[in-house]
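Since the structure comes first, as C-alpha cells, the remarks are kept for the end.
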Amino acid sequence: MFLSISALSGCSFVQLTDAGANVDQLTAEAVSQCTQKGVVSTKTNAKVVFNRNRETVIEEITVLARNEAATLGANGIVPIGEPKNGGQQFRSYLCP
C-alpha cells in the first residue's frame, strides 16, 4: 500500500490538450507587444492523503492554464503571483 501511495504523489493527473500545446508560458516582459485575452484560474489537488510533490502540482496547474487559455484564443500565459493551495491565476495573451 505504501508504495502505491508514494508513486501516486509524484504522478500528474492532467493531460495537455492539442490546443494547450500551442500555448507557451512566458514572462511579463515577453508579452509587452501582446493582447491580453483574459485571466485563467486553475486548481488541482495539492493533497491526496498527504501533500503532493510541489513540482507536480505546479506542472498540473500550468497545464490546466495552458489548456484553458487556448479556449480563449491565447497562445501565451504569464503567472500572477505564486501557486497557493494547489491553485494559481494566469494572464492569457495572444502574441504575434
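Odds and ends about this structure:
- Here the 3J(HN,Hα) profile of segment 68-77, calculated from phi with Karplus coefficients 6.51, -1.76 and 1.60 at θ = phi - 60°, is 5, 4, 4, 5, 8, x, 8, 10, x, 10 Hz, Gly and Pro shown as x.
- Computed over neighbours whose Cβ is under 15 Å from that of Val31, the net charge equals +1, Lys and Arg +1, Asp and Glu -1.
- Protection proxy ranking of 74-85, 25-36 - average other beta-carbon atoms within 10 Å, highest first: 74-85, 25-36
- Residue order, fewest to most beta carbons within 10 Å, for Arg91, Arg66, Arg54: Arg54, Arg91, Arg66
- Under-5 Å amide H pairs with Gly87, H placed in peptide plane, nonlocal only: Thr44
- Sparsely packed chymotrypsin sites (Phe, Trp or Tyr not before Pro) within segment 12-96, loop by DSSP, other Cβ within 10 Å at most 14: Phe13
No lab work stands behind these numbers, since they all come straight from the coordinates. In this text the structure is predicted, and so the values were computed from the model without any measurement. Note: ideal-geometry Cβ built from the backbone for every residue, glycine included; neighbour counts use all protein chains shown.
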